[in-house]
Amino acid sequence: MRAGHSPAAVTSHNSPFRRILFDVPGTKPIRLPVKAEEKAKPALHKLGVRTPVLSRNQEKRIARMRAEMKQNIRTHNLGFPRIGAKRELKRALESFWLKKTSEAQLLETAKTIRAENWRIQKAAGIDLIPSNDFSLYDQMLDTCALVGAVPERFDWKGGQVDLATYFTMARGVSGKNDDCGSCGGLAVALEMTKWFDTNYHYLVPELHEDQKFQLSSTKPFDEFSESSHCRSASTPCRCLSAR
């Protein structure tokens, strides 16, 4: 409670007891029976406490407003954590980078996580569930791949940005054993920086004058199509999902 405000009381009509919350530091809520509250009113009034009591018409009006809100207001989620309930994506990525598992296994793990995320949101009653909020590494990197913004040092020849080139842009190439896709040698990764003053980091696109863009990834469309098999509603997110 802000300084200068008078104490307030909150009344609950869901039980035979009415809870009176004294807005005074260090005090605990007091729970009084309805009859006891009536007897205590004079003393409460001296303290400046008022216990609002709704009339039957007011209660009906509030109930009607709640029903209308439930019918007219739709819920929407801007994005869902992509790591997996048990950090499955982290383990799958590390295993893939160590060449212990294949690209197909990594993509299958990612697909399973997406399906579970959609299932959880649908079970929670979300009306508009997003797709394309998932990423194997970084959503800014996904956008670079989507529009073909691949720096020359990665020796990309056009077409679809493959997974090897995608991860090389994210992690760079430090030796001959690294799979760098079409690049022929050492390649420095894209710069990483903070998203404003948060602890979330993203990869910085490298753009230049007369940059030419082309559709080089079908990720947003693939995941939107994939989502239609898991639930009845899907709203494709912008390429840069809110975080």
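No value in this document is a laboratory result; all are computed from the given coordinates. Please read these numbers as outputs of a predicted model, since none were measured by experiment. Neighbour counts run over all protein chains shown; Cβ positions are idealised from the backbone, glycine included.
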How do 111-117, 126-132, 154-160 rank on mean C-beta neighbours within 10 Å, highest first?
-> 126-132, 111-117, 154-160
For the stretch 128-144, just list the computed ³J(HN,Hα) in residue order, Karplus coefficients 6.51, -1.76 and 1.60, θ = phi - 60°, integers in Hz, with x standing in for Gly and Pro.
-> 10, 9, x, 10, 6, 9, 9, 8, 6, 9, 7, 6, 5, 5, 4, 5, 4
Per residue Cα convex hull volume in Å³ - calculated over the stretch 88-236 = 137
Amide H contacts under 5 Å for residue 187, placed H, 5+ residues apart | 173
Can you put 193, 143, 168 in order of Cβ neighbours within 10 angstrom, beginning with the fewest?
-> 193, 143, 168
